[in-house]
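Read through the structure below, which is laid out as structure tokens, and then see the notes.
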Amino acid sequence: MTDRYAVIGNPIGHSRSPRIHRAFALATQQDLTYEAILSPLDGFRAIVTEFFADEAGKGLNITLPFKEQAYELSQVKSLRATQAGAVNTLMKGKDGRLYGDNTDGLGLVRDMTQNLGWTLEGKRILVVGAGGAVRGVLGTLLAQKPAQLWVTNRTHSKAQNLANIFRAYGNIEALRFSDIAPQSVDIIINGSSSSLLGELPPLAEGILAQDACAYDMAYGKADLPFLTWAKTQQATISDGLGMLIEQAAESFFIWRGLRVQTAELLAEIRAELA
Ligand code: NDP
């Protein structure tokens with residue numbers, strides 16, 4: 001019997017997960033299928049239950065807007081999932097229970113540290129945004145032991161809320177855009193959806209330290225406003241395509257116990273997007 005995997009979301013047509021996981025399966029000679037499933041907004045639980053009722057159904061990726069519902073459905077939750085309050089990877093365990101994990105944070109950190117060669121330990125990191133994507137990565141960022149982690153957001157109370165949730169795991173503070181000190185940021189990560197809207201968060205000139213790095217979790221557009229701004233501040237820059245592929249690689253590892261090489265696929269998908 002061929003093992004079945006899928007990504008569930010709404011909408012789902014844009015998802016690159018089938019492309020990525022089929023490439024991983026081919027590279028590691030795994031006999032599996034990976035499809036994209038569109039779930040009705042009020043039908044997520046039924047779709048998941050049906051998928052795992054089939055003995056061949058082994059694992060699911062979950063994307064917007066169902067990550068919180070997937071968390072609720074998970075019978076066993078990893079620390080990463082609990083911190084994020086959201087699940088992007090579901091697995092049917094040998095004991096029949098549904099395991100929920102969140103690989104977004106690891107995907108981001110692996111892209112920054114291994115693919116891009118950036119150091120996070122001891123650095124002053126500023127994260128922009130306070131939505132689901134940011135909540136999904138703060139725990140893993142804190143585990144890298146930065147000197148300081150700041151969260152800033154258009155709606156300040158949401159940044160404060162995240163700082164309160166994550167204070168138990170490390171040195172984290174909410175900051176207003178206007179309170180970011182000059183030359184105080186070594187690494188800036190845009191986890192807001194501003195880039196998708198063609199907008200730039202209100203970041204002042206000169207907040208970046210020398211040799212700063214700037215990462216936008218968004219990808220797919222050549223001229224992301226945040227990265228354009230970061231370039232004018234002399235920062236080393238990257239978009240979030242590597243994060244997408246690394247979070248997928250971690251899901252694949254959870255399901256199949258195999259580590260995949262990601263560099264070639266990253267280059268291929270980047271070329272396809274261009
Ligand atoms: P949410 O809708 O949950 O959160 C959006 C956040 O962006 C909020 O903090 C919101 O602020 C802020 N925001 C929206 N518009 C603006 C603006 N014009 N200026 C400043 N801030 C703004 O979205 P997600 O957290 O799910 O996604 C955020 C980004 O992360 C997206 O670009 C998404 O594509 C990307 N992402 C990338 C992944 C990858 O693998 N590379 C994985 C997951 C997400 P407010 O609270 O004030 O509304």
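The values are calculated or read from the model by the stated rules, or taken from the named source; none is laboratory data. Bear in mind the structure is a predicted one, so any value in this text is a computation, not a measurement. Backbone-built Cβ (ideal geometry, glycine too); neighbour counts: all protein chains shown. SASA here: full protein model, heavy atoms, side chains in, ligands and nucleic acids out. Shrake-Rupley method; radii C 1.70, N 1.55, O 1.52, S 1.80 Å.
For segment 54-105, filtered to residues that are within 24 Å of Val127 (Cα to Cα) and among the basic types (Lys, Arg), the residue that is nearest to the ligand (Cβ to nearest atom) is Lys67. Of all the criteria given as (1) more than 18 Å from Leu106 (Cβ to Cβ); (2) within 18 Å of the chain's Cα centre (by Cα); (3) open to solvent by 20 Å² or more (accessible area, probe 1.4 Å); (4) not acidic (Asp, Glu), the one not satisfied by Ser178 is (2). Scoring Gly93 on the criteria (1) surrounded by fewer than 24 Cβ atoms within 10 Å (Cβ to Cβ); (2) within 23 Å of Ser194 (Cβ to Cβ); (3) out of contact with any Leu (no Cβ under 9 Å at 6 or more places or on another chain) leaves a single failure, condition (2). Here is a check on your reading of the model: is Ser15 within 28 Å of Val127 (Cα to Cα), of a type outside the set (Val, Ile, Thr) and within 14 Å of the ligand (Cβ to nearest atom)? Criteria met by Ser15. The set of residues from segment 182-194 being more than 6 Å from the ligand (Cβ to nearest atom) and open to solvent by less than 90 Å² (accessible area, probe 1.4 Å) comprises Ser184, Val185, Asp186, Ile187, Ile188, Ile189, Asn190. Might you check whether a residue that is within 16 Å of the ligand (Cβ to nearest atom), in contact (Cβ under 8 Å) with a residue 40 or more places away in the chain, buried (at least 18 other Cβ atoms within 10 Å of the Cβ) and under 19 Å from Asn171 (Cα atoms) occurs anywhere in segment 115-123? Within segment 115-123, not a single residue is within 16 Å of the ligand (Cβ to nearest atom), in contact (Cβ under 8 Å) with a residue 40 or more places away in the chain, buried (at least 18 other Cβ atoms within 10 Å of the Cβ) and under 19 Å from Asn171 (Cα atoms). Within segment 164-175, being crowded, with 19+ Cβ neighbours inside 10 Å and not β-branched (Val, Ile, Thr) holds for Phe166, Ala174, Leu175. Of the residues contained in segment 142-152, none is found to be touching a residue at least 60 places away in the same chain (Cβ under 8 Å), within 20 Å of Asp111 (Cα to Cα), more than 9 Å from the ligand (Cβ to nearest atom) and crowded, with 17+ Cβ neighbours inside 10 Å. In segment 153-163, the residue that is most open to solvent (accessible area, probe 1.4 Å) out of those that are within 8 Å of Ala130 (Cβ to Cβ) and more than 9 Å from the ligand (Cβ to nearest atom) is Asn161.
Every test in (1) under 12 Å from the mean Cα position of the chain (by Cα); (2) open to solvent by 30 Å² or more (accessible area, probe 1.4 Å) is passed by Val134 save one, and that test is (2). Close contacts from segment 18-33, counting a first residue that is farther than 15 Å from Ile269 by Cα and a second that is acidic (Asp, Glu) and not in a loop (DSSP other than H, G, I, E, B), with Cβ to Cβ under 8 Å and a gap of 6+ residues or different chains, come to Gln30/Asp3; Asp31/Asp3; Leu32/Asp3; Thr33/Asp3. Pairs linking a residue in segment 126-138 that is more than 9 Å from Val151 (Cα to Cα) and in a strand (DSSP E or B) to a residue that is more than 7 Å from the ligand (Cβ to nearest atom) and open to solvent by 10 Å² or more (accessible area, probe 1.4 Å), with Cβ atoms under 6 Å and 6 or more positions apart or on different chains, do not occur.
Right, Ser178: at pLDDT below 95, among the small types (Gly, Ala, Ser) and within 15 Å of the ligand (Cβ to nearest atom) or not? Answer is no for this residue.
The numbered conditions (1) touching a residue at least 40 places away in the same chain (Cβ under 8 Å); (2) closer than 20 Å to Thr232 by Cβ are all true for Ala181 except (1).
Does at least one position in segment 81-89 carry a residue that is under 28 Å from Leu266 (Cα atoms), open to solvent by 30 Å² or more (accessible area, probe 1.4 Å) and at pLDDT 95 or above? Checking segment 81-89: not a single residue is under 28 Å from Leu266 (Cα atoms), open to solvent by 30 Å² or more (accessible area, probe 1.4 Å) and at pLDDT 95 or above. For segment 195-209, filtered to residues that are open to solvent by less than 70 Å² (accessible area, probe 1.4 Å) and part of a loop (DSSP other than H, G, I, E, B), the residue that is farthest from the ligand (Cβ to nearest atom) is Gly206. When segment 83-117 is limited to residues that are under 17 Å from the mean Cα position of the chain (by Cα) and part of a loop (DSSP other than H, G, I, E, B), the one that is farthest from Ala70 (Cα to Cα) turns out to be Leu116.
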